[in-house]
Each structure stands twice: as C-alpha cells, then as structure tokens.
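Below: one structure, written as structure tokens.
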Amino acid sequence: QVHLEESGGGLVQTGGSLMLSCTFSRRDFHLYTMAWYRQAPGKERELVANITPGGTTNSADSVKGRFTISRDGATGMIYLQMNDLKPADTAVYYCHARARYEYWGQGTQVTVSP
C-alpha cells in the first residue's frame, strides 16, 4: 500500500520557523512531482510549492523568500522549510505526489500565533 505521511507541524509564534517532512513509500518516487498544499479554515486548498523530478521548484507568491521545498533523491523524503511564519500561514499542510498516479497525505496542522 502506497502512502504519503507528513510530520513536523505544530504551534509556532509569528516570525518562527518549522520544517515539514513527507515520506513517500513508492519505490519509483524519483519519477514523481512532489508538492505541498495547504488549506486554511473556510478556504480552498492551495498550492504552496512543488518540485519536479529534475529538481525545478515553484512556489506561491505568498511564500516566496520564506518557504523552501526540497527533496532527497536517495530516500524520497520531501521537505518544506518554513521561515518567518505569519498567522496567515496557519493551515493544514498536505503532501502531494503526481506522476502516473496521484497521492495525498493526511495532512499536518501548522498554527502560527500572533
């Protein structure tokens, strides 16, 4: 059974940092474009950042310069380093994988206090 599992969420003060991690269990993980999405209460799920198999990254304007997505080519781990966090970043963060198939993680809560 293939799955994605996120970790690293929590409560942090404005200006703080968190690193999210995602484990992807497919053996051909290197073929997948990986991404982080987030969904705040009452809002639609939105793309935060993604990274292609070749390492090209893309991020939402709202997080540019603060969040960095990366992947470990040996293990299939995906990371989201989040710096200078703001209350507007409060959301459930989801790991996502897409290639021939599409997978979603269960999500991890990130809460940024004022």
Of everything in region 91-111, what is assigned to a strand (DSSP E or B) and touching a Leu at 6+ places or on another chain (Cβ under 7 Å)? Give them in sequence order. Tyr93, Cys95, Ala97, Tyr103, Trp104, Thr108, Val110, Thr111
Note down all Cβ pairs under 8 Å where the first residue falls in region 81-99 and is closer than 24 Å to Ser25 by Cα and open to solvent by less than 30 Å² (accessible area, probe 1.4 Å), the second is assigned to a strand (DSSP E or B) and among the basic types (Lys, Arg), and they're at least six residues apart or on different chains. Tyr93/Arg38
Please go through (1) in contact (Cβ under 8 Å) with a residue 40 or more places away in the chain; (2) surrounded by 13 or more Cβ atoms within 10 Å (Cβ to Cβ) for Ala49 and return the number of the only condition it doesn't satisfy. (1)
When the residues of region 56-76 are filtered to those that are open to solvent by less than 40 Å² (accessible area, probe 1.4 Å) and modelled with pLDDT of 95 or more, which remaining residue is nearest to the chain's Cα centre (by Cα)? Ile69
From the options Gln13, Gln81, Gln1, residue that is over 14 Å from Gln109 (Cβ atoms) and out of contact with any strand residue (DSSP E or B) (no Cβ under 9 Å at 6 or more places or on another chain): Gln1
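The values are calculated or read from the model by the stated rules, or taken from the named source; none is laboratory data. All values reported here derive from a predicted model rather than from experimental measurement. For neighbour counting, all protein chains shown are included, and Cβ atoms are generated from backbone atoms with ideal geometry for every residue, glycine included. Surface areas here come from the heavy atoms of the whole protein model, side chains and all, with no ligands, DNA or RNA. Shrake-Rupley method; radii C 1.70, N 1.55, O 1.52, S 1.80 Å.
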